[in-house]
Amino acid sequence: MVDTPHTPADPRQARKRPRSALRNAVVLGAGLAMAAAGTLTALSGSASAASTLGASAAEQGRYFGTAIAAGRMGESDYMNVLNREFNSITAENEMKWDALEPSRNSFNFSTADRIANHARSQGMMLRGHTLVWHSQLPDWVKNLSANDMRSAMNNHINRVMGQYRGQVHSWDVVNEAFADGSGGGRRSESPFQQKLGDGYIEEAFRTARAADPNAKLCYNDYNTDNWSHAKTQGVYRMVRDFKSRGVPIDCVGLQGHFNSGNPVPSNFQTTLQSFADLGVDVQITELDIAGSGSQQANDYRTIVQACLNVARCTGITVWGVTDKYSWRSGDTPLLFDGNYNKKQAYNTVLEVLNNGTGTTAGGTTNGGTTAGTNGGTTAGTNGGTTAGTDGGTTAGNNGGTGNATCTATLEESQRWGDRFNVQATVRAGSTSISNWTVNVQLNGGQSIQNSWSASFSTSGSNMTVRPSGNGTLAAGASTGFGFTVMANGNWNLPRVVSCTAS
Ligand code: G3I
């Protein structure tokens, strides 16, 4: 049974969903992916191993995407692998400034639209790359005065984000603004930096938020993988500053271009987690790793596993479908060779995704600016009801063993014509726990189709959810699971009855 999901890219669906749900929707095409993997009929138990990258990542609450080039879309092998394996697309060059606005205020969206339309037709997500970058920037921008450049930058952001409003889940608002080397400072060759100074990045993010309040706004860069590098620290300080001052930023993109000059660092997960701890999502946005055989496969393993281990790592994009069209094809850095054969690295990535073991991404597709006011219910120790601010429901502390307590929250993450996904977060109380059980009340007519990162059983409209390898939590730590609800006309969010821990 295969149907086409309305991804968050579908503005019709986006409009139907409450702001709170948009704000915290998980980035995935789980329904499509699970359909492709043939796992839609499970009525209880955890999701089974998937056979494609996108399907497997979706079971982990994440997307697995690729960059594509519009010029290759006529090649059937290219399209077959794209459509089979991936559930998110980034335009490799077609959404850059030189492609979209080659002369001032004269926009050409036709090629980029082909990519966006393909993503939509396949139920795939779309990443936006990139709005403000010193490279692939037409000369007319470079020659503007400061004031003119500011207004051109804001106009470009408004027009491009307006064109893809409701389709792009995450935008690289500013790309590669930091210098390489030991200083950790800004890139001096950027005309934006030269004419507008440090403030241009903040201005770009503020403009972007207003242009599409539901898109995630990312800062994206390369050589920011190693936590001890000055460039990584420079970006970290900027994001920390933005978060402390309320500058709208939702995510950090780590490009992940690795070779002998920039090897996969052993502290990559530390880097991901450190950014995540600032309150932003992290995404691996342009992954490619030079090499071959087991070296390459192991390097891919390190990166993918690190993402799975960090709850706010919401997705991975590789920078191309096949080695033969890679921007550095001589390095053979991708998952499919020039004949579209799966490489050892592909098998390893799929295995890592299927093994999971990390936390389910609680990531968000559409980064709205403010919490919604849809009034979820919170049942605490005394079973009281409190108006929430994010919609969804929280329940906790209903029994359990000794001091072991937990809370659980639910939020709708994605909707199709007949079903919706729910993303749950389980958080331990003030002591560590080794097991949890969440009881969920379904609404009339609803049934559960599938789950991921948890097992479940149902009795009438009561659903009992138990961990799937993610039962142990440190004090205050959280994990996630998800499930798909067949709505049968009832689109109300199920309610958490209790979370018990031991
Ligand atoms: O389309 C023209 C073609 O008409 C012309 O005949 C040909 C002659 O050189 O050039 C073609 O354009 C090339 C374009 O790729 C499309 O193939 C450009 O020269 C070439 O510079 C461009 O390279 C792109 C590069 O960004 C530019 O900086 C790569 O494809 C693209 O993979 C790469 O992507 C970047 C990310 O955007 C940011 N992070 C780094 C990453 C890798 O460099």
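Suppose we keep only residues that are without any contact (Cβ under 8 Å) to a residue 40 or more places away in the chain and in contact with a helix residue (DSSP H, G or I) (Cβ under 7 Å, 6 or more places away or on another chain) within the stretch 289-347. Which one would you say is farthest from SER260 (Cα to Cα)? Ranking the qualifying residues of the stretch 289-347, first place goes to GLY338. Taking the criterion of being over 25 Å from TYR222 (Cβ atoms), assigned to a helix (DSSP H, G or I) and more than 16 Å from the ligand (Cβ to nearest atom), the residues of the stretch 96-139 that qualify are ASP113, ASN117, HIS118, ARG120, SER121. Scanning the stretch 23-35 for residues that are out of contact with any Gly (no Cβ under 6 Å at 6 or more places or on another chain), away from the ligand (no atom under 16 Å from the Cβ) and modelled with pLDDT of 50 or more turns up nothing.
Looking at MET125, MET79, just one residue is buried (at least 24 other Cβ atoms within 10 Å of the Cβ) and at pLDDT 95 or above, and that residue is MET125. Out of curiosity, is GLY330 surrounded by fewer than 24 Cβ atoms within 10 Å (Cβ to Cβ), over 19 Å from the mean Cα position of the chain (by Cα) and of a type outside the set (A, V, I, L, M)? Taking the combined requirement at face value, the residue satisfies it.
Check whether at least one residue in the stretch 214-230 is under 18 Å from TRP133 (Cα atoms) and either over 19 Å from the mean Cα position of the chain (by Cα) or at pLDDT below 95 (or both), and report yes or no. Yes, that holds for at least one residue.
Residue-wise test of (1) assigned by the TED database to the domain that holds ALA306; (2) touching a residue at least 12 places away in the same chain (Cβ under 8 Å); (3) among the hydrophobic types (A, V, I, L, M, F, W, C).
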{"position": "ALA57", "(1), (2), (3)": "yes, yes, yes"}
{"position": "ARG72", "(1), (2), (3)": "yes, yes, no"}
{"position": "MET79", "(1), (2), (3)": "yes, no, yes"}
{"position": "PRO102", "(1), (2), (3)": "yes, yes, no"}
{"position": "SER110", "(1), (2), (3)": "yes, no, no"}
{"position": "LEU131", "(1), (2), (3)": "yes, yes, yes"}
{"position": "LEU144", "(1), (2), (3)": "yes, yes, yes"}
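The set of residues in the stretch 251-284 that are within 16 Å of the ligand (Cβ to nearest atom) and either among the aliphatic types (A, V, I, L, M) or assigned to a loop (DSSP other than H, G, I, E, B) (or both) comprises VAL252, LEU254, GLN255, GLY256, GLY261, ILE284.
The rows are residues; the columns are (1) polar (S, T, N, Q); (2) in a loop (DSSP other than H, G, I, E, B); (3) closer than 10 Å to VAL426 by Cα.
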residue	(1), (2), (3)
THR458	yes, no, no
GLY469	no, yes, no
THR479	yes, no, yes
VAL485	no, no, no
ASN490	yes, yes, no
SER498	yes, no, no
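Of the residues making up the stretch 95-125, those that are over 17 Å from ASP139 (Cβ atoms) and in contact with a strand residue (DSSP E or B) (Cβ under 9 Å, 6 or more places away or on another chain) are MET95, THR111, ALA112, ILE115, ALA116, HIS118, ALA119, ARG120, GLN122, MET124, MET125. Here's a check for you: in the stretch 211-231, which residue that is in a helix (DSSP H, G or I) and away from the ligand (no atom under 16 Å from the Cβ) is farthest from PRO263 (Cα to Cα)? Checked the stretch 211-231; the qualifying residue farthest from PRO263 (Cα to Cα) is ALA211.
Being assigned to a loop (DSSP other than H, G, I, E, B), of a type in the set (Gly, Ala, Ser) and in the same structural domain as ASP180 (by the TED database) is the requirement here; does SER244 meet it? Answer is no for this residue. Of the numbered criteria (1) within 25 Å of the chain's Cα centre (by Cα); (2) within 22 Å of VAL310 (Cβ to Cβ), the one MET486 fails is (2). Among the residues that make up the stretch 168-182, is at least one of them in contact (Cβ under 8 Å) with a residue 24 or more places away in the chain and over 27 Å from GLN233 (Cα atoms)? Yes, the stretch 168-182 has at least one match.
The values are calculated or read from the model by the stated rules, or taken from the named source; none is laboratory data. Remember, predicted model here, so these are calculated numbers, not experimental data. Cβ coordinates were reconstructed from backbone atoms using ideal geometry, including for glycine residues, and neighbour counts include every protein chain displayed.
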